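Working notes for the structure below.
The values are calculated or read from the model by the stated rules, or taken from the named source; none is laboratory data. Note that the coordinates shown come from a computational prediction; the quantities given were computed from them, not determined experimentally. We place every Cβ from the backbone using ideal geometry, glycine too, and count neighbours over all the protein chains shown.
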Amino acid sequence: MMTVEAPAPDRLHEPPTQRRRMRRIPPWLLPLLPVLLLIAGLLIWPMVQALVESVSVDGQWSTSAYEQVLGDAVFQQALRYTLVFTAATIALELLLGFGAASLLDGMRARTRKLLTAALMLPYLIAPVAAGLIWRLMLDYSIGTINWGLGLVGIEAVNWLGSASPAFWATVLSEVWRSTPFVLIILLAGMAAMPTDVLEAARVDGASRAQVFAFIKLPLLRPAIAVALLFQTIFKLRLFELPFILTGGGPGNSTTPLGLLVHQYYFRYANTATASVVSVVLLVLGAVIAFAYIRWVYREVDA
Amino acid sequence: MAAPVSVQGRNLPSWTRGAPRAAAVVALLAWSLFPILWIVLTSLKTRLEILADEPVFWFTPTLDAYRRTLFSPGAGVLSDLLNSVGITMASTVATILVAGLAAYSLARFAFRGKGPVLTFILASRLLPPISAVIPLFLLFSTFGLIDTHAALILVYTALNAPFAAWLLKSFFEGVPKELEEAAELDGCSALGAFFRVTMRLAAPGIVATGIITGNMAWNEFLFAFMFTSVDATTLPLALAELKGGEQIAWQDLGARATLLMLPALTVGLWSQKYLVSGLTAGSLK
């Protein structure tokens, strides 16, 4: 009898409804809500909407927009450009970033920090400014690059006016702007390398090349993987750099998929085809995102 | 007799080993810095100096391009600059607030469904924002938000929040929970302990997050280009005007580019340490 009656007086003293409500809303939920709502409303919902728009014509289910876009030579060129540009920039960035990181890694801490600060500056610059800078540098008549080529007896190149040089012009300016990110990630990877392992290998008679190939490179794999994945993700966002540097041309040779979304929508006022291109980008992004997320969880579990 | 030769022999290789390294460092510095220097120099030149047959390295600088860009009526760059400052600051503060709250929850509570929430945040950080642009344009049109500051502040906060939440979470987790519990034993509330202990110790991480999200908002082009036309145009858009045509006013474009780059570079250099820690923690953790 006592045990059943005992809690009764307590309950009378406390406002029961408030207590119950406190228990129903867990403390972790409220602080999380604003971000989840913001992301769901302004990023995820529009992406789903783009998916819906891409398969509906006049409110009817139809894949005609896909047929139209996938058959369009302009789209095929934009897809090809985006993929080749991504491969070329990332290969060059990894090479250059790796070289620079190896160079800086052996230096005294103060020198290394100073040099990192200087080499990082292009990464802080807006892509639109980077495009403008290289448009000036690569100008046919007043550009410093053609002037420099002239000094060593090479004929001036029409960088922005012909297809192949224009492609390399966009690659060059993107590599210039975003290599510092690769440098920073690889430098952090090198700094985290256990020196005793390297020393032990050297004591055991491993050559420099062997230490590099069998110890340093495998230990750097996570850093390289991260740099690779993030840079790939960022290349899909390519928009203003070719827009300002080459205007997407000559012709449409340097028009990335991102710029095509804008063209389909604002030039041809076609929501469905613009949505199809959005979805293509989304699928490409999702594949890379999936790889990265799997990698993150594997690292966490390990 | 043999001794000096061997000393020389040892000195020579070390010198030759140093020289290519030094040359590589100089080349890297030139590659990274010359283009920036060159556009700044161009903004200080006259038209004739820019169009000269050979690049002019030595000249009397003039601020004419800046005067024209900022103060001549109809240029509109001053209002672009002010819009950029306002939108960047507002969205950065909003991002830190919203993402900080989420990071607090993710760093301090274990709950069912945390895994999917983390995946959701990470995925939304990685997917290309351009895929959202057209439905957002329609949404903002419906609510009359096109060409308003609010639209860009909202979009930039949403774009940066996933990254900021991810980063802040890792910084908050770096502060031992025991310190917070000690403060609670001393009479702090749970939230008070978080603000007084964890926030203070994670301050460098919060600065790093703010610098990176601020830089992204300051440099953003795509959404500003699509969502604004007259009233809410930002500074990056000013670099895309005046293009085309035969005669490009490079001194004016140089001035605009310098106005856009200078704050980003100054803040970046000043906070270099935080920036590096934020970029590495943001991707490797």
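Tabulated results
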{"item": "Matching residues in the range A:45-63 - criterion: being free of Cβ contacts under 8 Å to residues at least 12 places away in the same chain and either among the aromatic types (Phe, Trp, Tyr) or within 17 Å of A:Tyr268 (Cβ to Cβ) (or both)", "result": "A:Trp45, A:Asp58, A:Trp61"}
{"item": "The range B:40-52 residues that are within 22 Å of B:Leu70 (Cα to Cα) and touching a residue at least 12 places away in the same chain (Cβ under 8 Å), paired with ones that are part of a loop (DSSP other than H, G, I, E, B) and of a type in the set (A, V, I, L, M) (beta carbon under 8 Å, 6 or more apart)", "result": "B:Leu44/B:Leu63; B:Lys45/B:Val56; B:Arg47/B:Ala249; B:Ile50/A:Ile142; B:Ile50/B:Val56"}
{"item": "Residue in the range A:111-120 that is aliphatic (A, V, I, L, M) and under 21 Å from the mean Cα position of the chain (by Cα) present", "result": "yes"}
{"item": "Number of positions in the range A:56-94 that are surrounded by fewer than 19 Cβ atoms within 10 Å (Cβ to Cβ) and within 13 Å of chain B (Cβ to nearest Cβ)", "result": "2"}
{"item": "Enumeration of residues in the range B:126-148 that are surrounded by fewer than 23 Cβ atoms within 10 Å (Cβ to Cβ) and either basic (Lys, Arg) or in contact with an Asp or Glu (Cβ under 8 Å, 6 or more places away or on another chain) (or both)", "result": "B:Pro135, B:Asp147, B:Thr148"}
{"item": "Looking only at the range A:110-141, and only at residues there that are assigned to a loop (DSSP other than H, G, I, E, B) and more than 7 Å from every other protein chain (Cβ to nearest Cβ), the one that is surrounded by the fewest Cβ atoms within 10 Å (Cβ to Cβ)", "result": "A:Ser141"}
{"item": "Filter result for B:Ser84 (among the small types (Gly, Ala, Ser) and assigned by TED's automatic domain parsing to the domain that holds B:Thr233)", "result": "yes"}
{"item": "2 or more residues in contact with a Leu (Cβ under 6 Å, 6 or more places away or on another chain) and either facing another protein chain (nearest Cβ under 7 Å) or at negative phi (or both): qualifying helices (runs of 4 or more DSSP H) within the range B:95-179", "result": "B:149-173"}
{"item": "Residue list for the range A:99-109, restricted to those being crowded, with 19+ Cβ neighbours inside 10 Å and more than 9 Å from chain B (Cβ to nearest Cβ)", "result": "A:Ala101"}
{"item": "B:Ala193 being closer than 25 Å to A:Ala269 by Cα, assigned by TED's automatic domain parsing to the domain that holds B:Ala110 and small (Gly, Ala, Ser)", "result": "no"}
{"item": "Qualifying residue in the range B:64-81 (condition: in a helix (DSSP H, G or I) and within 17 Å of the chain's Cα centre (by Cα))", "result": "yes"}
{"item": "Check on B:Ser229, within 13 Å of chain A (Cβ to nearest Cβ) and either more than 30 Å from A:Phe266 (Cα to Cα) or aliphatic (A, V, I, L, M) (or both)", "result": "no"}
{"item": "Qualifying residue in the range B:171-179 (condition: among the basic types (Lys, Arg), in the same structural domain as B:Thr92 (by TED's automatic domain parsing), surrounded by 19 or more Cβ atoms within 10 Å (Cβ to Cβ) and in contact (Cβ under 8 Å) with a residue 24 or more places away in the chain)", "result": "no"}
{"item": "Residue match in the range B:73-80 (condition: away from every other protein chain (no Cβ under 14 Å), surrounded by 14 or more Cβ atoms within 10 Å (Cβ to Cβ), in contact with an Asp or Glu (Cβ under 7 Å, 6 or more places away or on another chain) and modelled with pLDDT under 95)", "result": "no"}
{"item": "Boolean, A:Leu219 is touching a residue at least 12 places away in the same chain (Cβ under 8 Å), under 14 Å from the mean Cα position of the chain (by Cα), more than 9 Å from chain B (Cβ to nearest Cβ) and part of a helix (DSSP H, G or I)", "result": "no"}
{"item": "Qualifying residue in the range A:141-150 (condition: hydrophobic (A, V, I, L, M, F, W, C), out of contact with any Lys or Arg (no Cβ under 6 Å at 6 or more places or on another chain) and touching a residue at least 24 places away in the same chain (Cβ under 8 Å))", "result": "no"}
{"item": "Qualifying positions in the range A:155-186 - closer than 30 Å to A:Lys216 by Cα and in contact with a Ser or Thr (Cβ under 7 Å, 6 or more places away or on another chain)", "result": "A:Val171, A:Glu174, A:Val175, A:Ile184, A:Ile185"}
